[in-house]
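Since the structure comes first, as structure tokens, the remarks are kept for the end.
The values are calculated or read from the model by the stated rules, or taken from the named source; none is laboratory data. All figures in this text were calculated on a predicted structure; none of them were measured in a lab. Cβ sites come from the backbone with ideal geometry, for glycine too, and all protein chains shown count toward neighbours.
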Amino acid sequence: MAGAFRAAYGTGPAGIWAAPGRVNLIGEHTDYNDGFVMPLALPHTTLVAARPRTDGVLRLRSAHPAGASAPVRGKGRTVELAVEDLRPAAVGGWAGYPAGVVWAMRQAKLPVGGADLHYDSTVPVGAGLSSSAALEVATAFALNDLYGLGLAPQSLAQLAQRAENAFVGVPCGIMDQTAAACCTQGHALFLDTRDLTRRQVPFDLAGEGLRLLVVDTRVKHELGDGAYAARRAGCERGARALGVHALRDVGYTQLPAALARLDGDPVAQRYVRHVVTENRRVQDVIEHLDAGDTRAIGPVLSAGHASLRDDFEISCAELDLAVDSALAAGALGARMTGGGFGGSAIVLVEEADAEAVGKAVTESFAAAGHTAPRIFTAVPGQGAHRVE
Ligand code: GLA
């Protein structure tokens, strides 16, 4: 990283920072409904080497421009911007995420000026593993140190979310940025997205003879395409019709009455049912983990997938096949993870069955004529931090 930075900018960086991708164990499309989520950080990270500048110029370079999955070499890859001129939606492509963080910090009246930044990443892009949040949060951590802002990880996550909402224009919730900023090794992060209370929940699968597989279907998911915003709008419509601030306020036992009140809006009914039952599933998972019964979360994960597929309608053929073929091959539980419409699924398996389950998923994809999935084991990694 330091070498690439030097080659690009002529001198060495002041430091190197890292932020991870994530998978979400349970709690999908609950974060913008003030609900509960439970992500864990992946070992895959986005690295940024950085140095401050005194002239208000922001220079951005990536080993993977335009989301290319392999490093692209060549001249003319540096995006150069004046921090003064940053305006929402004015910077397209990958550079919009880090530029948005600088913009969000300046909007918050934080003393942030220019910088030279060079990125590299092992977080798969478009795989539903939060490569955007990793990019934003790595940038936020770097600027926090370079400009001595002294902000806590959660505050940096909120600035990163603001960058994505208001600068890039994606109406995401707070889960991914908080995961990238606040996860800790060996834990899943329980987050209440209403008051941002967090709890690190021990998640040592290897110690229990279990594994969490990630199946990247290679179907590129794109949050900005309107379907995500439509789900969010549908949830807000449901909340308004029910007279609550957010769907978080509809308790599980109140669900039948809520659904009856939404008679006439079948779409809102389905969205509300997903969100209310999903919040319950997060609590069920926590209870099982607290009781030391990790295997019991399997059926909860699978029920979450059915809800996302049937009620929230954000799955796709490849995700359903990954889940179904994994379960048929003996997995304890499986579900799509992240925003949906492609991306990745997670599969909880006995260590002894991991290979056979992975093989069964791969074979089912081949038989269906789908692109071969990329399958790897998720070991809960560390949240964003300074590397050097
Ligand atoms: C995306 C968003 C998150 C969250 C998930 C769905 O990853 O960025 O805020 O809404 O989708 O749970």
Q) Restricting to helices (runs of 4 or more DSSP H) lying wholly in the range 225-311: which have 2 or more residues that are among the basic types (Lys, Arg) and more than 27 Å from Val201 (Cβ to Cβ)? A) 227-242
(Q) I'd like to know if the range 42-64 contains one or more residues that are in a loop (DSSP other than H, G, I, E, B) and modelled with pLDDT under 95. (A) yes
Q) Of the residues Ala179, Ala163, Ala133, which is farther than 18 Å from Gly340 by Cβ and crowded, with 19+ Cβ neighbours inside 10 Å? A) Ala163
Q: Please state which one of Arg237, Arg194, Arg218 is within 26 Å of Glu287 (Cβ to Cβ) and not hydroxyl-bearing (Ser, Thr, Tyr).
A: Arg194
Q | Qualifying residue in the range 345-362 (condition: modelled with pLDDT of 95 or more, surrounded by fewer than 22 Cβ atoms within 10 Å (Cβ to Cβ) and of a type in the set (S, T, N, Q)) | A | yes
Q. On the given criteria, is Gly113 more than 14 Å from the ligand (Cβ to nearest atom), touching a residue at least 60 places away in the same chain (Cβ under 8 Å) and of a type outside the set (Asp, Glu)?
A. yes
Q) Of all residues in the range 1-44, which are buried (at least 24 other Cβ atoms within 10 Å of the Cβ), aliphatic (A, V, I, L, M) and away from the ligand (no atom under 16 Å from the Cβ)? A) Ala18
Q) What's the number of the condition Pro124 fails, among (1) touching an Asp or Glu at 6+ places or on another chain (Cβ under 7 Å); (2) closer than 13 Å to Pro20 by Cα; (3) within 11 Å of the ligand (Cβ to nearest atom)? A) (3)
**Q.** Extreme residue, nearest to the ligand (Cβ to nearest atom), among residues of the range 154-171 that are in contact (Cβ under 8 Å) with a residue 60 or more places away in the chain and outside any helix (DSSP H, G or I)
**A.** Pro171
Q) Which ones in the range 334-355 are under 15 Å from Gly209 (Cβ atoms) and not β-branched (Val, Ile, Thr)? A) Leu348, Glu350, Glu351, Ala352, Asp353, Ala354, Glu355
